[in-house]
Structures are given as structure tokens and as C-alpha cells.
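Asker: Let me begin by handing over the structure; questions about it come next.
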2 protein chains.
Amino acid sequence: MNIKEAFTKHIFDLQNRICTALEKADGKAKFVEDSWERPGGGGGKTRIITHGNVFEKGGVNTSTVHGELPDVFKEKFGVNEARFYACGLSLVIHPTSPKIPTVHANWRYFEMYNAAGEIIKRWFGGGTDLTPYYLVEEDAQHFHNTMKNMCDQHNSSYYPKFKKACDAYFFNSHRDETRGIGGIFYDYMQQDDRMTWEALLAFQLDAGKCFEEAYLPLVEKHKTETYTKEQKYWQEIRRGRYVEFNLLHDRGTQFGIKTKGRTESILMSLPATVRWDYDFKTEKGSDEAKLIEVLMNPKDWV
Amino acid sequence: MNIKEAFTKHIFDLQNRICTALEKADGKAKFVEDSWERPGGGGGKTRIITHGNVFEKGGVNTSTVHGELPDVFKEKFGVNEARFYACGLSLVIHPTSPKIPTVHANWRYFEMYNAAGEIIKRWFGGGTDLTPYYLVEEDAQHFHNTMKNMCDQHNSSYYPKFKKACDAYFFNSHRDETRGIGGIFYDYMQQDDRMTWEALLAFQLDAGKCFEEAYLPLVEKHKTETYTKEQKYWQEIRRGRYVEFNLLHDRGTQFGIKTKGRTESILMSLPATVRWDYDFKTEKGSDEAKLIEVLMNPKDWV
């Protein structure tokens, strides 16, 4: 099987499938597509949804880029001349209601070639993580169980390892909080004694396909709930933490910005309306404080 | 003259003076002070103004910190053991009205000591820069002329050099725009043939003292002007660019966050309400487009 072709086809199918499912859940807004080309080779399809019944702002983007390996990567991998191919799907969905969690997911594949065109390095990376504004334990359990069940069908060591990696990665060190309640995160995933490239591809396809099962039931469950002005305010404060993570700590964002990636496709991850109050404090014992408690002390949800 | 003592006294006087002047211009809100201590030595006085008649959110902060030089600095300066003293005043003022520019200023002094307690390195740094939401040429001229006149009293090479450095530093490379219309910016300023430490101190004191003359007339001029919902929306979009600069590019913010500085004092620079639209576009020939034009092609204002 040609891993590159199979995964590339998959991300386009998945983009269609996820956009259709989100449009259905929203009931009003439709994704609008912006196609773009990368000067060095390749391009992407950025699909944005805004001002929906349910979704205030979201993007479900694919990109397939190739060409001469950027210099920063050459240095990192200690190669002089190399070409590459990278493709992936990246999504961030910010619902209007503070009762519905924000979700982020990303699935990607990378290949690097020598002058003869042979693959000298390749890997899968990805993950799916949830950022609620109010903690609903059953939601967290449902989300993590979906990830665990999917992982367990491929390799029972994956979920515990990737859950931990997710909490470690999505961490606002300057706040001593995780960005959300996590999920799974993995990178530089390569063939080993147990997992062939074909097995890794099968895992990566399923990781993408289980997104809908993990997230959409939470949307359906909460989308008709009412919320107060104060709860919306809290959501906007928490969105500030989301922005802080993405701009201060996220490697993908920093890398994209510094290598002159397409700014609007990278920063589509930022929420529509955001708030920073000086030294915002939650009330002791409040629902807001309960969320912070879990972000400061990540829990096992399965 | 003891430079350290003189400058330290100055920043506290200046903090009082600037806060009083801003409160007077606001007519309603008062600064609230948070004193904090740094575990390794020293501390700061963070003063925040919010929900004023004029100022939506602002901070005028002083800090005087000392102790063992942090490891990142030791590496940078190639020393094994060193102690340091650093003090400065840092301010960011975000008015409610999009007709009044946001302003940022910072004046700082740093000393490094060997084991015998002798100064082995020291410098001044600082700057003042303006971020309008609508371009008013006379305002830009007034602001820059104030900086130039102040600089010229000390060293005629300063203004041209520091104006250029300001445009280069406050640059959102991923947007190909400066953050605002600039002002002056300087760092690692040390004694040379022309400027003694005393002369540098005199410059640094005047740089701080001219802040009120540079900024307050713009507040007075615009504070009674009305503005539309669309103009407020535009301000919030532009505030997004301000956040992007501070979190993605600003060396001070990155350094503060990574060396575990006081998060709330560092991030007081972020505006209260901020907006990110996907691929926001200005209308051709509009006032909004005129601002962008100048941010993409910095002008000489004097």
C-alpha cells in the first residue's frame, strides 16, 4: 500500500465528512472554502464556518505541501539536501455557547527524500483534545473513552501514553494549567517491531474517523441549553487562555508563523471574541473554580 | 552620581506622576495597586486602571528585581556566577474609544555584578510607541515631534536611529505590518565617547518625563468624539494584532513568561476585549485601509 496516497486521499474524504456533520449539527451555517497555493509547492483548502446557530467560528483545513525541505528542518535533521511531502487535516471549532466545549484535532503525515527520491524519514502525528468551559464529568469520560476504545483496537499502550502526552503538551506553563481536559496527542510515530507502516496508517485513519463520535454527541447534548451573560463572559476569559497557549506555546503555530506559512489558515484557530481581565479570579466552590481545579490537576477519565 | 539609585527613585516618581495624570484625563477610574514579591529578590508595584470614562484597561507598572542572574542570561553573557539588579517602568494604556490610540512605554536599567560586587555590565533600554486605530497625521506628527525634540536635546543621532529601531522591533512579520505608527525604541545603551553614564541617565529621565506631553494631548483631543459600532469592531480586530505581536514576537513577554515572571503583570498589556475574524478585509479607500497602508509602509513623521 502507498501510505502517502492512502493518507492523502483520507484527509480529503475526512474533511468533507466532518464538514458535512458539523453543518448538520449547526443547522444554519455552511463552510466556506478558501483554496491557497504554497509558493514552494502544494497548497491547502481552508474551510471556515462562522455565525452559525451553534458554531461561532471554526475551521476544518487540509494542506498538502511539498518541495525543498525548509532550512530549519534541514538543520534539525542534519541533512544538506532534502525534499519533503507533508499533508494533514487540522480543525478547531469554537461554539457560541459556553456549555459546548471547544475542540481541536490534527492528523498529519510527513515524508522526507534524498536526492535519489528515496524516503529517508517519515512519521505520523496527530491528536484530538477537548476544551470545555464547564466541566461535565460524563462528557470528559465519553470523550476519553472514545479515544481509548479507538486506540485499544490498534495498540493497548497507545491511549495511556498519548493521554499523558496530551496533558503535557497542551500546558500553559505560565498559568500552571492545561489548556483543556486533554484527549490524545502523538508525534514522530514510526514503524517498529509491533506496528508496521500499514498498522500505523490504519490507526491514523481510525483516529480521524472517531472524531465525530467523540465530539458530536456533546454538541447535541448541550446545544439547546441556555446560558447567562456571566457564563459567556467566563467563556471569553477562558478563550484568552486558549489564545495564550496557541501564540506562546504551540509548536505548530510558532513554526508556521516563523516559516511564513499562510497566516489566516494558521490563526483561524483563534476564537472570535476574547477577553482579558487583569487577575480574573473564580469564586470558591463555583463551577468555574471546578474547571480550574481539573486543569491544574489533570484526571484520569476512563 | 549613583545611576542605579537615581533611576530607581525616578521610576517610582514617574509612576506616581503618570498615574495621577491619567486618572485626571479619565475623570472617573482610579488605579488600583498590587504589590508583589519576586522569590529570588525584589518585586514590583502593578497599578491597573479599568472601566474608566476613557480608559478601558491599562497598567503602569514598576519593578525592581535583583539576585542571582537567571541561567538564560548567564549563558547569553558567558558568565558563570553573577548577580544582577534590574528596574523599570512599563505601561500599556488601552482606551475604550477607537478614536484614541493605545500607547505603550517602557524605561529600564540593568546592572550585572561579579563576585566582588563590581559592576561588570550595565545598560539602559526603553521606548515609547503609539498604536492608533485611525490615522490622524497631526497626531502622529505631534507624537514623533515630541520624541524628536526630547532626543535632540541629548544627542541628535538618537531620534533617527531609535525611530527606525522602533519600526523594526514592533513588526508583525506574519502580517507584514508594524504594530502601530512607532515612536522610539533603544536597548543595551552604554557609555561611549560622547555619552557618559550621567548623560545617558539624563536622557533616560527625560524620555520618561516627556510621555505625558506626547500622549495626553491626543487623549484630550479625541475623548469626546463619538464612534460607531463598526469603528469599535475595527478596534477589536486591531487589538487582535496587538495580542499577536505581544505573544508571538515581543522579546520581553516571551522572556518574562519563560523565566516564570509574574504572569498577570506581564499580560496586563493585553486589551480587555479582542476579536479575530477569519481573513478580515478593509474596504478600499476607507479610513481602515489608510491605517494599514501606513503600517505596511512606515513613514517619517517629522
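The values are calculated or read from the model by the stated rules, or taken from the named source; none is laboratory data. Predicted, not measured: the structure shown is a model, and the values here were computed from it. Virtual Cβ from ideal backbone geometry, glycine too; neighbours counted across all protein chains shown.
Asker: Can you pull out every residue in the stretch B:233-268 that is more than 9 Å from every other protein chain (Cβ to nearest Cβ) and touching a helix residue (DSSP H, G or I) at 6+ places or on another chain (Cβ under 7 Å)?
Answerer: B:234, B:259, listed by residue number.
Asker: What pairs come up if the first residue lies in the stretch B:39-55 and is more than 10 Å from chain A (Cβ to nearest Cβ) and closer than 21 Å to residue B:261 by Cβ, the second is part of a strand (DSSP E or B) and of a type in the set (Phe, Trp, Tyr), and their beta carbons are under 7 Å apart, counting only those six or more places apart or on different chains?
Answerer: Hits for this filter: B:43/B:36; B:44/B:36.
Asker: Within the stretch B:233-269, take every residue that is assigned to a loop (DSSP other than H, G, I, E, B) and of a type in the set (Lys, Arg) and give me the one that is modelled with the lowest pLDDT.
Answerer: So the residue we want is B:260.
Asker: Okay, moving on. Would you be able to tell me the number of residues in the stretch A:12-40 that are over 20 Å from the mean Cα position of the chain (by Cα) and among the hydrophobic types (A, V, I, L, M, F, W, C)?
Answerer: 2
Asker: Here's something else I'd like to know. Please specify each residue of the stretch B:23-41 satisfying the condition of being among the small types (Gly, Ala, Ser) and either in contact with a Leu (Cβ under 6 Å, 6 or more places away or on another chain) or at pLDDT 95 or above (or both). Break it down stepwise before answering.
Answerer: Here is the first cut: in the stretch B:23-41, the ones among the small types (Gly, Ala, Ser) are B:25, B:27, B:29, B:35, B:40-41.
Correct list: B:25, B:27, B:29, B:35.
Asker: Same structure, new question: Tell me, yes or no, whether the stretch B:285-300 has at least one residue that is touching a residue at least 24 places away in the same chain (Cβ under 8 Å), within 13 Å of chain A (Cβ to nearest Cβ) and either surrounded by fewer than 17 Cβ atoms within 10 Å (Cβ to Cβ) or at negative phi (or both).
Answerer: Scanning the stretch B:285-300 turns up no residue that is touching a residue at least 24 places away in the same chain (Cβ under 8 Å), within 13 Å of chain A (Cβ to nearest Cβ) and either surrounded by fewer than 17 Cβ atoms within 10 Å (Cβ to Cβ) or at negative phi (or both).
Asker: With the requirement that a residue be buried (at least 20 other Cβ atoms within 10 Å of the Cβ) and touching an Asp or Glu at 6+ places or on another chain (Cβ under 8 Å), what does the stretch A:112-125 give you?
Answerer: Across the stretch A:112-125, the qualifying residue is only A:122.
Asker: With the requirement that a residue be of a type in the set (A, V, I, L, M, F, W, C), assigned to a strand (DSSP E or B) and surrounded by 20 or more Cβ atoms within 10 Å (Cβ to Cβ), what does the stretch A:94-111 give you?
Answerer: Once the filter is applied, which keeps residues that are of a type in the set (A, V, I, L, M, F, W, C), assigned to a strand (DSSP E or B) and surrounded by 20 or more Cβ atoms within 10 Å (Cβ to Cβ), the stretch A:94-111 yields A:103, A:105, A:107.
Asker: Go through the stretch A:164-178 and give me each residue that's surrounded by 15 or more Cβ atoms within 10 Å (Cβ to Cβ), within 14 Å of another protein chain (Cβ to nearest Cβ) and of a type in the set (D, E, K, R). Talk me through it step by step, then tell me what you get.
Answerer: Looking only at the stretch A:164-178, we keep the residues that are surrounded by 15 or more Cβ atoms within 10 Å (Cβ to Cβ), and these are A:164-167, A:169-172, A:174-175, A:177-178.
Okay, now just the ones that are also within 14 Å of another protein chain (Cβ to nearest Cβ), so A:171-172, A:174-175, A:177.
Scanning the stretch A:164-178 gives A:175, A:177.
Asker: Look at the stretch B:270-302 and say how many of its residues are assigned to a helix (DSSP H, G or I) and of a type in the set (Lys, Arg).
Answerer: 1
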